[in-house]
Amino acid sequence: MPLIAPSLLSANFLQLGEECRMLNESAADWFHLDVMDGRFVPNISFGIPVISAIRKATKKFCDVHLMIVEPEKYIEAFKKAGADLISIHIETCPHLHRNIQQIKSLGIKAGVAINPHTPVESLYDILGDIDLVNMMSVNPGFGGQEFIPHTLKRIEKLREKIDLENLPVLIEVDGGVTLENGEEIVRSGADVLVAGHTIFSAHDPHAVIASLKKMSRFAIQG
Ligand code: DX5
Ligand code: ZN
C-alpha cells in the first residue's frame, strides 16, 4: 500500500485552510509542499510563511520539496517552518553529502530529488545517507504535466538497487500520477505517490485519494 502525498501546488490558495481540513479528513498520509525559486525551475510557488501556516493546520507529515538553488541557505528556515522531511535536488547541490548532513543534523528526514534526465546511478553513493529519493516523473516547475513513461524503468532500477543493499530508503514518484497510471508506478517499486492535479481537480478528492491508496504492488491472483 503506497503512502499518498497530495501536492498542495494544485490546491485552491484562496481556501487553503479548507483544503488542509479536507486532506486531514482524507486517507492522505503526507502533505507534499513544492517550493520553486524561479531560478532552478521556471516558476515561483510559495515559501516559508505559507508552509508555517500549513504546519499549523495539520498534524500530518510535511514533505517539503525544494526546487531551489543554494538550498543550504534556507534549510534551517524550512525546518523551523515545520518540515518533517526536506528534499533537495541533486542537480543543484555540488556538495550534496554536506547538505544532507545539514538536514539530518536538524533532526528531520532527508531526501534527494532527481530530474528525469539525471542518471539513477548518480544516487548510488548517497543512498546510504538518505531517507527518500524523489524520482521526478515530469520536469519540475509545474503541476498538471504528463507522466514521462521512461520513469518506470528508472523506478525499477532504483528499487532493485535499494532492495539489493537492503536500504531503508523510500522511493517517491512526483509528477503526472493519475488513477490510470498509479498502479503501474507502484508495481515498478514506488513507496510514495505524489499527486496534485489528479486530487485537487477531482469532484471527490477523498475518493481519489482512497483509490490511489489501494494501488497494489502485486497483481491480485484471480
Ligand atoms: C512539479 C512538482 C510536483 C507537482 C505534482 O514540479 O514537484 O510535486 O506539483 O503535481 P501533479 O500531480 O499535478 O503533476
Ligand atoms: Zn514535488
When restricted to 169, 173, 138, the only residue away from ligand 2 (no atom under 16 Å from the Cβ) and under 17 Å from residue 89 (Cα atoms) is 169
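Looking only at the stretch 9-23, count how many residues are farther than 13 Å from residue 205 by Cβ and surrounded by fewer than 19 Cβ atoms within 10 Å (Cβ to Cβ).
Of the residues in the stretch 9-23, 4 are farther than 13 Å from residue 205 by Cβ and surrounded by fewer than 19 Cβ atoms within 10 Å (Cβ to Cβ).
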Here the qualifying pairs (Cβ atoms under 8 Å; residues six or more apart or on different chains; first in the stretch 27-40 and over 7 Å from residue 67 (Cα atoms); second modelled with pLDDT under 95) come out as none
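For every residue, the table says whether it meets (1) more than 16 Å from ligand 1 (Cβ to nearest atom); (2) touching a Pro at 6+ places or on another chain (Cβ under 7 Å).
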residue: 143; (1), (2): no, no
residue: 151; (1), (2): no, yes
residue: 160; (1), (2): yes, no
residue: 168; (1), (2): yes, no
residue: 175; (1), (2): no, no
residue: 185; (1), (2): no, no
Handout entry: Flag if residue 68 is in contact with a helix residue (DSSP H, G or I) (Cβ under 6 Å, 6 or more places away or on another chain) and either surrounded by 14 or more Cβ atoms within 10 Å (Cβ to Cβ) or among the aromatic types (Phe, Trp, Tyr) (or both)
Key = no
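Could you check how many residues of the stretch 172-208 are among the small types (Gly, Ala, Ser), farther than 18 Å from residue 64 by Cβ and assigned to a loop (DSSP other than H, G, I, E, B)?
Going through the stretch 172-208 one residue at a time, the tally reaches 5.
From the list 72, 91, 121, which one is part of a helix (DSSP H, G or I) and within 16 Å of ligand 2 (Cβ to nearest atom)? Give the steps one after another, and end with the answer.
On the way: 72 fails: within 16 Å of ligand 2 (Cβ to nearest atom); 121 fails: within 16 Å of ligand 2 (Cβ to nearest atom).
When all the criteria are applied, what remains is 91.
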Note on the stretch 3-26: residues within 19 Å of residue 192 (Cα to Cα), polar (S, T, N, Q) and in contact (Cβ under 8 Å) with a residue 40 or more places away in the chain are 7, 10, 26
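What number of residues within the stretch 101-118 satisfy the criterion of being part of a helix (DSSP H, G or I) and either within 16 Å of ligand 1 (Cβ to nearest atom) or surrounded by fewer than 21 Cβ atoms within 10 Å (Cβ to Cβ) (or both)? Talk me through it step by step, then tell me what you get.
The first filter runs over the stretch 101-118 and keeps only residues part of a helix (DSSP H, G or I), leaving 101-105.
From the residues that got through so far, the ones that are either within 16 Å of ligand 1 (Cβ to nearest atom) or surrounded by fewer than 21 Cβ atoms within 10 Å (Cβ to Cβ) (or both) too are 101-102, 104-105.
Count: 4.
Answer yes or no as to whether residue 196 is more than 14 Å from residue 138 (Cα to Cα) and surrounded by 14 or more Cβ atoms within 10 Å (Cβ to Cβ). Full working, then the answer.
On the way: more than 14 Å from residue 138 (Cα to Cα): no; surrounded by 14 or more Cβ atoms within 10 Å (Cβ to Cβ): yes.
For residue 196, the condition - more than 14 Å from residue 138 (Cα to Cα) and surrounded by 14 or more Cβ atoms within 10 Å (Cβ to Cβ) - is not met.
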Selection over the stretch 23-36 where residues are under 19 Å from the mean Cα position of the chain (by Cα) and more than 21 Å from residue 137 (Cβ to Cβ) yields a count of 4
The correct count of residues that are acidic (Asp, Glu) and in contact with a helix residue (DSSP H, G or I) (Cβ under 6 Å, 6 or more places away or on another chain) in the stretch 94-144 is 1
Inside the stretch 143-165, the number of residues satisfying the requirement of being surrounded by fewer than 18 Cβ atoms within 10 Å (Cβ to Cβ) and within 16 Å of ligand 2 (Cβ to nearest atom) is 4
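The values are calculated or read from the model by the stated rules, or taken from the named source; none is laboratory data. Computed from a prediction, not measured in an experiment: that's the story for all the values here. So basically every Cβ, Gly included, is an ideal-geometry build from the backbone, and we count neighbours across all protein chains shown.
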